[in-house]
1. May I ask you to list the residues in region 29-41 that are at pLDDT 90 or above and either out of contact with any strand residue (DSSP E or B) (no Cβ under 6 Å at 6 or more places or on another chain) or of a type in the set (A, V, I, L, M) (or both)?
2. Tell me which residues, restricted to region 21-42, are among the acidic types (Asp, Glu) and within 21 Å of TYR5 (Cβ to Cβ).
3. In region 22-49, what count of residues is obtained for those that are farther than 13 Å from ASN63 by Cα and not polar (S, T, N, Q)?
4. What pairs come out if I take residues in region 1-15 that are over 15 Å from LEU57 (Cβ atoms) and pair them with residues that are modelled with pLDDT of 95 or more and among the aliphatic types (A, V, I, L, M) whose C-beta lies under 8 Å away, six or more apart or interchain?
5. Can you name the residue in region 47-73 that is surrounded by fewer than 11 Cβ atoms within 10 Å (Cβ to Cβ) and modelled with pLDDT under 90 and is also farthest from VAL14 (Cα to Cα) among such residues?
6. Between TYR24, TYR5, which is surrounded by fewer than 12 Cβ atoms within 10 Å (Cβ to Cβ), of a type in the set (Phe, Trp, Tyr) and farther than 15 Å from ASP53 by Cβ?
7. Out of all the residues in region 1-26, which are part of a loop (DSSP other than H, G, I, E, B) and among the β-branched types (Val, Ile, Thr)?
8. Any chance region 27-35 includes a residue that's part of a loop (DSSP other than H, G, I, E, B), in contact with a helix residue (DSSP H, G or I) (Cβ under 8 Å, 6 or more places away or on another chain) and of a type in the set (Gly, Ala, Ser)?
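The values are calculated or read from the model by the stated rules, or taken from the named source; none is laboratory data. Every value quoted in this text rests on a predicted model; they were computed, and no experiment measured them. Every residue, glycine among them, receives a Cβ derived from its backbone with ideal geometry; neighbour counts consider all protein chains shown.
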Amino acid sequence: MPRRYITVAEQQQVIERANRRCEYCKSAMDYSSQPFEIEHIVPIAEAGETSLDNLALACGGCNGHKYTKVEAI
């Protein structure tokens, strides 16, 4: 399946669903000094899809740490 961009409407839905907090560490988007990103829970590299069920709001630190990982101890 070809990769598609995340629409502005999808971005807004993810942000609202997450209550403007990182879905991993729960830091507040409004008080963070780092930018937040919409990321794929199951990465595109692992055949993840661009759908609302596979998108999460993440702070730059969490998204950078997660990268393409899908499992943890």
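1. Of region 29-41, the ones at pLDDT 90 or above are 29-31, 35-41.
Of everything in region 29-41, those that are at pLDDT 90 or above and either out of contact with any strand residue (DSSP E or B) (no Cβ under 6 Å at 6 or more places or on another chain) or of a type in the set (A, V, I, L, M) (or both) turn out to be MET29, ASP30, TYR31, PRO35, ILE38, HIS40, ILE41.
2. At the first step, the residues of region 21-42 found to be among the acidic types (Asp, Glu) are 23, 30, 37, 39.
Scanning region 21-42 gives GLU23, GLU37, GLU39.
3. In the first step, residues of region 22-49 are kept if they are farther than 13 Å from ASN63 by Cα; the result is 28-33, 44-49.
Those still in the list that are not polar (S, T, N, Q) too: 28-31, 44-49.
Total meeting the criteria: 10.
4. Cβ pairs passing all conditions: none.
5. Once the filter is applied, the top-ranked residue is ILE73.
6. Working: TYR24 fails: surrounded by fewer than 12 Cβ atoms within 10 Å (Cβ to Cβ).
Residue meeting the stated conditions: TYR5.
7. Just the residues of region 1-26 that are part of a loop (DSSP other than H, G, I, E, B), to begin with: 1-7, 18-20, 22-26.
If the condition is that a residue be part of a loop (DSSP other than H, G, I, E, B) and among the β-branched types (Val, Ile, Thr), then ILE6, THR7 are the ones that fit.
8. Residues of region 27-35 part of a loop (DSSP other than H, G, I, E, B): 27, 32-35.
Right, trim to in contact with a helix residue (DSSP H, G or I) (Cβ under 8 Å, 6 or more places away or on another chain) and you get 34-35.
Next, from what is left, pick out any that are of a type in the set (Gly, Ala, Ser): none.
No, there is no match, as no residue in region 27-35 is part of a loop (DSSP other than H, G, I, E, B), in contact with a helix residue (DSSP H, G or I) (Cβ under 8 Å, 6 or more places away or on another chain) and of a type in the set (Gly, Ala, Ser).
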